1. Binning at 10 angstrom from zero up to the longest distance, how are the C-alpha pair distances of segment C:56-198 distributed in percent?
2. Averaging over every viewing direction, what projected area does the convex hull of the Cα atoms of segment B:46-91 cover, in nm²?
3. Viscosity 0.692 mPa s, temperature 37 °C: give me the Stokes-Einstein translational D for the protein assembly as shown in µm²/s, with Rh taken as the Kirkwood radius over C-alpha pairs.
4. How do C:Arg161, C:Arg153 rank when sorted from fewest to most other Cβ atoms within 10 Å of their own Cβ?
5. About the Cα centre of the protein assembly as shown, how large is the charge dipole given +1 on each Lys and Arg Cβ and -1 on each Asp and Glu Cβ? Please answer in debye to the nearest 20.
6. For segment A:147-200, just the Cα atoms, rotate onto the principal axes and tell me the three extents in Å, largest first.
7. In whole angstrom, how far apart do the alpha carbon centroids of segment A:8-79 and segment B:138-196 sit?
8. Hey, fewest Cβ within 10 Å first, where do C:His323, D:His19 land in order?
4 protein chains.
Amino acid sequence: MTQPLRVAVIGHAFMGAAHTHAWRTASRFFDLPYTPEVTLLVGRDPERTAAAATRLNIAETSTDFSQAVNREDIDVVDICTPGNTHAEIAVAALEAGKHVLCEKPLANTVAEAEQMTAAAERAAHRGVHSFCGFSYRRAPALALAQQFVAEGRLGQIRHVRAQYLQDWLADADAPLTWRLDKDTAGSGALGDIGAHSIDAAQWVAGQRIEGVSAMLHTFVPTRPLTGDTQGLGGTGSAEAARGAVTVDDAAAFTARFSGGAVGVFEATRFALGRRNANRLEINGSHGSVAFDFERMNELQYFDGREEQAAQGFRTIQVTDAVHPYTDHWWPVGHGLGYGDLFVHQVADVVASLHSRHPAQPDFAEALDVQRVLHAVETSAGENSRYTPVERHQV
Amino acid sequence: MTQPLRVAVIGHAFMGAAHTHAWRTASRFFDLPYTPEVTLLVGRDPERTAAAATRLNIAETSTDFSQAVNREDIDVVDICTPGNTHAEIAVAALEAGKHVLCEKPLANTVAEAEQMTAAAERAAHRGVHSFCGFSYRRAPALALAQQFVAEGRLGQIRHVRAQYLQDWLADADAPLTWRLDKDTAGSGALGDIGAHSIDAAQWVAGQRIEGVSAMLHTFVPTRPLTGDTQGLGGTGSAEAARGAVTVDDAAAFTARFSGGAVGVFEATRFALGRRNANRLEINGSHGSVAFDFERMNELQYFDGREEQAAQGFRTIQVTDAVHPYTDHWWPVGHGLGYGDLFVHQVADVVASLHSRHPAQPDFAEALDVQRVLHAVETSAGENSRYTPVERHQV
Amino acid sequence: MTQPLRVAVIGHAFMGAAHTHAWRTASRFFDLPYTPEVTLLVGRDPERTAAAATRLNIAETSTDFSQAVNREDIDVVDICTPGNTHAEIAVAALEAGKHVLCEKPLANTVAEAEQMTAAAERAAHRGVHSFCGFSYRRAPALALAQQFVAEGRLGQIRHVRAQYLQDWLADADAPLTWRLDKDTAGSGALGDIGAHSIDAAQWVAGQRIEGVSAMLHTFVPTRPLTGDTQGLGGTGSAEAARGAVTVDDAAAFTARFSGGAVGVFEATRFALGRRNANRLEINGSHGSVAFDFERMNELQYFDGREEQAAQGFRTIQVTDAVHPYTDHWWPVGHGLGYGDLFVHQVADVVASLHSRHPAQPDFAEALDVQRVLHAVETSAGENSRYTPVERHQV
Amino acid sequence: MTQPLRVAVIGHAFMGAAHTHAWRTASRFFDLPYTPEVTLLVGRDPERTAAAATRLNIAETSTDFSQAVNREDIDVVDICTPGNTHAEIAVAALEAGKHVLCEKPLANTVAEAEQMTAAAERAAHRGVHSFCGFSYRRAPALALAQQFVAEGRLGQIRHVRAQYLQDWLADADAPLTWRLDKDTAGSGALGDIGAHSIDAAQWVAGQRIEGVSAMLHTFVPTRPLTGDTQGLGGTGSAEAARGAVTVDDAAAFTARFSGGAVGVFEATRFALGRRNANRLEINGSHGSVAFDFERMNELQYFDGREEQAAQGFRTIQVTDAVHPYTDHWWPVGHGLGYGDLFVHQVADVVASLHSRHPAQPDFAEALDVQRVLHAVETSAGENSRYTPVERHQV
């Protein structure tokens, strides 16, 4: 086994568990220059944190993230908490010389994201890396799409069509959670899932979004409070059984890309029956690709330069030894699952630690997504008028 | 056989042939109060018209549409010509007491469409009917979607997602045709195929579009001239081998509906590999439907009120005796084709001639689509700002 | 218009209507050396026949097929009656010098089919043609599959996988009909739909079935009698409300082909949810094709010689101008329907009348299918032992 | 953490790695009465074994399986070696009081499988459990199918349709491996993948196969020898560069089930383009289910008792909290992968250790599959005649 790489995971919910599993699994399937070990789990509530650590088999816990930042034996700080806490933890960790992997969206505001990116650039001079967890880039089929575009197979890109459709809020009486509170989550469908679409679209198309015309909408303005959310906008009365939803339920926008493509984006948690339809289709002058995470092991590919009689969208099972990531796993046709994306992310991150070039996306890339999110919110607030994405040096 | 219904078809290209076939076929499969006969074919070029009449087995031809309007023995004038000619022919025919079936889009401008609708309303008082050929309403699967929404199965409608994707212009050297000339065609992808999406979306959702935020784009600004299009913008020089495309190649817009739904629309002829993907998905609080014309005999239906373990989108083969139109044709599982939509359209039109209520959509309905198209163009010309659809009494 | 070709249609149920529609439509879309006209409709019941003739717009009717055979002005006799009547009508018509199009299966027994084929061969010397209505050969996607195999794209054929799945008998109380009576129908799922699979498999694979090992099964041995079926095996008692099903409900067999391929066939009317899943998949050393009539406008094609990273089954929309039959119809992406297959059949038949080579399949080809059916029944009756298909000169 | 459960894994190829990963992962996601630890890895070649142990992070290795059997601190022996070694290892381990998990097929012959089952029954009296690794039973979608049938949703089962299609031998010059050698592998496609179909079919349908009529075929009789396979049938000459394939390339059989269903089975490694299409469809009198491992997170379900207009196969995303296994993983719509099946298998095995009833399938169940395989081989050797499956007390 290679030298250990000690990781502190901050947060132990859905994402914390997925990341911990990935840190532990990556070196069993990938040849890595270091062998990751999750050394420390940090959470707010001591009892829940201890219980999670037991289940996840992590030796030490803390309720204070500064422990992770200050301990000399920690190499990587992995941030899996809500967006409003990212900046503080990430900046402290980077300044302490820890590599940082931060869940997406990078932050709740552009200002925070800029502050984090500035810290990341300072740290980079000292060989410290920053990463943002846009994990869908690690889906072999989406990575293959990116590769096909980069190889020029699609020719000049004209259309980008991105939908991220979920339905877990379709019930108007589903409870209020922190994800529906603007202060904690930053935004709703837009930042939670639309951010994935923006990152994937720019990465696969190889073009930046230059401007957007956007609409945000909240279908269900109040929701039942639960024990965990009684602080969120409720009052003491009986009526107070419901609290205000302060984020968007759905977001839609058109976009213009730097290379001349036009885009249509939609993100919602109200598309009943669409459980996790993270879809991206790109049409170029020579070919097209289409991806839907609900069938994550498949890429649709159309080659318009083939003989006409045999043209058609192909369903590529992206499980072959020649495909991204998949040669490390099972024989062809034996698909991967959602949890495996995080293993790939860890493998990419660890593999890049020796390099001058961190695995992508780093904080600068993630800031760019944040700026698009900001343009979307600005346009939506100004009658959908076309709004350029502002980009300047941090 | 029932009493004859004599039809004059104006235009003999793709649509003229499809309509003629339908007039002839409908009474073989549907019980109709009249038996349609195509008596007269009108076209601009006498030789081509005669050749078409021979192939289509139509006894008489003319190069002057006023013959169709003025002859006493004609009951229906069926207009299958480009949009810039619709108003003149339709108004004359209605005033002469002929029922009019007019291809979509109703006209090239709102002003023309209003003039036609005014004529149709005057004619209606005399028992004369107007119809507009939004033929996709006659697809059994789309009609079933409309029925499911009308029955309340979907609950409150939240999302309308309409794409009409074609690819026949993806080759930048495909020739210039009248469909790319604003004066003749009115608009590009927007009016040609986006109009179908607008009509279908409003009809199926049972809600009107109240306003839009839109983007139009032309990817390929000039195209090779052919014999037929040398009048379109070319000059005498060698460079003149290409003429200007004066319409949109692609249109995209977000929309707000009268009942609270939000919509995302896209129409393009550059989605390589998508041959005729006329798609409509609607998500409500109880269920969802999704249609794609490339699989025209299928409707996807999701019922969110079923027990959770068994929920999923169903692929309904809309070919059963209980489905719209299909009991007149083949046993279940034996699908219909594009040409059959026009047979259904004829059947609906002829069946309604006795009634006070013409088959839908009539000119007033089609004018409404025209107004949405106009709002789209206005918004696209004003930086995509949100633009209400203007509706007033004709 | 070209010279008329006068057709007598025998039978006016589902198939009679489909054929009549096709005779009338073909010359509107295809350039044919003759213009077909259905002159005479023959049926057993005079009232029903007259009603059908009115609906189908056929001028003359008769209850005696010999009228069709003996009239000088009839060119083609088109047999759309149950299998037990085919031999008598076809032989008489051929001997009278009429071209004969006979619905499949050619006959109820090999002996009848041989008699018909002998008559057809005698007639062929006088320039009289025979055809059997295996209409699925006219599906553009299946025809493209055949073309791909014939071009060698699939290499050496190894696997033939044919399923014909319907479900209209899944209800054990669906009534007894003539299709469930061995004397009238010859066999059940085997002859009705399995025959289509056998013909398609041999035609597309380009190989003959050499032997089979088969199983036949009847799930529901008795069914309610209706007015039409009270002659079929019922007695006078109350119990007699049900009559015996004397044919197979399902058939399954493995097969060996002349070129070394192995085959698996299944035909049933009890596959609940499969409405008309006529499926054929062929795997060769270089590629594969797969067809399912429920998506009749699509062909799945896999090319194993492409670069590995981009391999996958393509969904070809077989609606392009370069595909079989489809250039006569609509633009790409506008699919055809079941009824259009019969138009193609008529077009092929009429086009071949000048030629020495009748359109395929002729009676000899259809006899070959009959012989395979016979081997299947023999094997099923002898403990499934492998049974060679017997072929000898007629 | 719960008390440790010490596991020795025998074999370190594809299956050994998959199992080791699963033993390590299961207790992170499932609440188990023991916490598994892989203590020992056994392989034939000391260097390869050591390298695998390093990668898989297993502390101890051995080249002698008897170490695993004899050590007191081993609780479970997990057999991941070729079929010809199963009996010896399993019997020794069971007699030594170790729980045994043995990969499928249980053995290469019925005699061996009977011997193993007898040992398992003796061991069961001492509280020692046996399991066979038919891992597809752990696919949530297939488990849901089994549950639906067991709940009676499908009514009386009529059709079982099982295909297991792979293509990794389609290239006639793919090298000879131990899987193509009868002495080592027992049989070819039949035992390797057909065995999965047989187990799944009997388990989901809830019926035993009573008899079969079968065909086996070898398309490519010789293949190039590699370093690893030079002992397999080659001679010293140049020609000897190829060795004999002594197993079936493809297997096909029809079957009769104990409850009246009829079955069609096919297993092949020559279905070009089908990478790992492990498919099972079952049709009953009330409904149908269909599964394809290439889309392992989906189950197709048809309910024939719904209102007719809305009937259709549903695509259930079997990733919901109410579905088998999936509540331990990710939110709905975030699918699982092949590797996760083994985690489920471990979870089931460990959970059952306290119980009197071992997780299924145990050796007795796996012996039953072996007996069906034997009947298939017998029938194929006797002209495909129908051959009952022989079952008697061990």
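1. Here the calculated profile for segment C:56-198 is 10, 31, 31, 23, 6, 0.
2. 3.6 nm²
3. The calculation lands on 93 µm²/s.
4. If I rank by nearby Cβ atoms, fewest first, I get C:Arg153, C:Arg161.
5. 0 debye
6. Principal extents (Cα only, largest first): 47, 23, 16 Å.
7. 51 Å
8. Ordered by Cβ neighbours within 10 Å, fewest first: C:His323, D:His19.
Throughout, read-outs are computed from the coordinates displayed, never taken from laboratory work. Quick caveat, the model's predicted, so the values are computed rather than measured. Every residue, glycine as well, gets a Cβ built from its backbone with ideal geometry; the counts of neighbours run over all protein chains shown.
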